[in-house]
Amino acid sequence: TTGLLGGLTTFSTFSAEAFHLVQRGAWLWFGVHLGAHVAGSVLMTWAGYSLFNAIRA
């Protein structure tokens, strides 16, 4: 298992990048950044779940 703080540095980097985009007023890139990370996370979770079920079947 990853543990309680396993993703802390990754999430901190994501937050810092998003914050800097907002600070610069790069709202389009902020939206792209946010959307890509959220959609990518959901997509990779679905892919892992599907692969697990395919192997298990």
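Quick one: length gained pulling Tyr49 to Leu34 fully straight, 0.36 nm per residue minus the C-alpha distance?
Gain on extension, Tyr49 to Leu34, equals 3.1 nm.
For region 8-56, just say rounded, prolate or oblate: build the C-alpha gyration tensor, square-root its eigenvalues into a ≥ b ≥ c, call rounded for a/c under 1.5, and beyond that prolate if a/b exceeds b/c, oblate if not.
Cα axes put region 8-56 in the oblate bin.
Every read-out reported here was derived from the displayed coordinates using simple, explicitly stated rules and does not represent laboratory data. A quick note: this is a predicted structure, and the numbers were derived from the prediction, not measured.
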